[in-house]
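Here's the structure, in structure tokens; my notes come after.
The values are calculated or read from the model by the stated rules, or taken from the named source; none is laboratory data. All of these numbers come straight from a predicted model, not from anything done at the bench. Glycine also receives a Cβ, built like all others from the backbone with ideal geometry; neighbour counts cover every protein chain displayed.
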Amino acid sequence: MRSANTRLLPQYQIPESLWARASETLHLPASLATAYAAHVDRLGLRTMATTRPKEGGPVGGITKESADQHFAQAFDGSAARALLAALDPKCEVASTSDAFVQSTAGAALALTDAPCGAGAAALAFLTGVAELRAQSVLPRLPLDVKFVGGELSPHAIAHAEQLFHDLRADLEAQAIFVDLQFHSWNVMDRVSTADLVKASAVHGARCTSKLLVIANFNGFLIKEGKQKDASPQLDELLRYASGRESFAVWIEPEMNRTTANGGLFSWLLSLVQGPWKHFAKADPTATKERPNFSTVARFGLPLQPGKTSRVTLAVMPIDLTRGIAP
């Protein structure tokens, strides 16, 4: 566990607008909460968004119906999970927060989010940075973000494009300028993976740092048993994301298939310590018995002021920084 005294974002500097200390409640940045609510209403999905199953939530899909349901019922929770990883207000997820914060230290960031879904992880991170700047926690220096989102569902991409459009002015008010690209990506397909990797490399060629975010992938990889067939494409994605000032953060909800022995993160750690060891390093405190880091919090529901929901986080930060490629 990383010491609270050595973090790039000390706990005491996290503003109340994002983390209410007394109640230990996370709050989405106001701009993101507003944009999410507006898009839910634009789509006529408020009833669906405020009436959610107690168990077995939506997992998304290629159709418009599944993408709409996943956006309405899972976007805010996914965004809260990514924000919890970026802020780490309880100092429980090792170097994860540092990876997020350090990636914004330069003038230009190559940000790849795959699978990006409706953009929950990337938007939570960027609007979180904007709020930290607005509260004078982080310096308000111009940051050019070359964003590449990889996603199989065109309907999820449409939601992400709309939200980025709605949030552009709020981000630019804090000197965060986002240049967007979206690409159809299937982790089982080598051609679409090569296209995504090439797009990320070209789009972010002049960037001073790189950040790869992979979120909410356990259902497909583990539940459907696709990790072996997906491994070569994930290898390519992480290998080409590596370089100078390069990081990856893999974010999942905490559940047995992600954290148990033989689950997603133990499989991932075996890759990082094995075939990926030339370009990837796990946090030094990660072990085979504890390959990932976990935390939990309540977060305020954007559509139901005064109400909260539980969000769990299991995460693995991966240092992709290297000098000369092997």
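What the table shows:
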{"read-out": "Residue under evaluation Ala105, criteria (1) more than 14 Å from the chain's Cα centre (by Cα); (2) surrounded by fewer than 24 Cβ atoms within 10 Å (Cβ to Cβ); (3) assigned to a helix (DSSP H, G or I), criterion not met", "value": "(3)"}
{"read-out": "Residues that are touching a helix residue (DSSP H, G or I) at 6+ places or on another chain (Cβ under 8 Å), at pLDDT 95 or above and surrounded by fewer than 16 Cβ atoms within 10 Å (Cβ to Cβ), drawn from the range 43-65", "value": "Leu43, Arg46, Lys64"}
{"read-out": "Tally of residues being part of a helix (DSSP H, G or I) and basic (Lys, Arg) across the range 15-56", "value": "2"}
{"read-out": "Filter result for the condition that a residue is under 29 Å from Glu236 (Cβ atoms) and either surrounded by 17 or more Cβ atoms within 10 Å (Cβ to Cβ) or polar (S, T, N, Q) (or both), over Ser31, Ser23, Ser95", "value": "Ser95"}
{"read-out": "When residues of the range 108-151 are limited to those that are surrounded by fewer than 21 Cβ atoms within 10 Å (Cβ to Cβ) and hydrophobic (A, V, I, L, M, F, W, C), the one nearest to Ser184 (Cα to Cα)", "value": "Ala108"}
{"read-out": "Close pairs (9 angstrom Cβ cut-off, 6 or more residues apart or separate chains): free of Cβ contacts under 8 Å to residues at least 12 places away in the same chain in the range 13-31, assigned to a strand (DSSP E or B) and among the hydroxyl-bearing types (Ser, Thr, Tyr) anywhere", "value": "none"}
{"read-out": "Listing of strands (runs of 3 or more DSSP E) fully contained in the range 239-326 that carry 2 or more residues being more than 23 Å from Leu109 (Cβ to Cβ) and out of contact with any helix residue (DSSP H, G or I) (no Cβ under 6 Å at 6 or more places or on another chain)", "value": "293-300, 308-319"}
{"read-out": "Verdict on Ala160 being farther than 27 Å from Trp185 by Cα, free of Cβ contacts under 8 Å to residues at least 60 places away in the same chain and small (Gly, Ala, Ser)", "value": "no"}
{"read-out": "The lone exception for Thr312 - which of (1) at pLDDT 95 or above; (2) farther than 21 Å from Arg52 by Cβ; (3) of a type in the set (Ser, Thr, Tyr); (4) surrounded by fewer than 19 Cβ atoms within 10 Å (Cβ to Cβ) it fails", "value": "(2)"}
{"read-out": "Hey, Gln162 surrounded by fewer than 22 Cβ atoms within 10 Å (Cβ to Cβ), polar (S, T, N, Q) and not in a helix (DSSP H, G or I) or not", "value": "no"}
{"read-out": "Any hit, the range 57-72, residues being of a type in the set (Phe, Trp, Tyr), in a helix (DSSP H, G or I), under 22 Å from Leu26 (Cα atoms) and under 13 Å from the mean Cα position of the chain (by Cα)", "value": "no"}
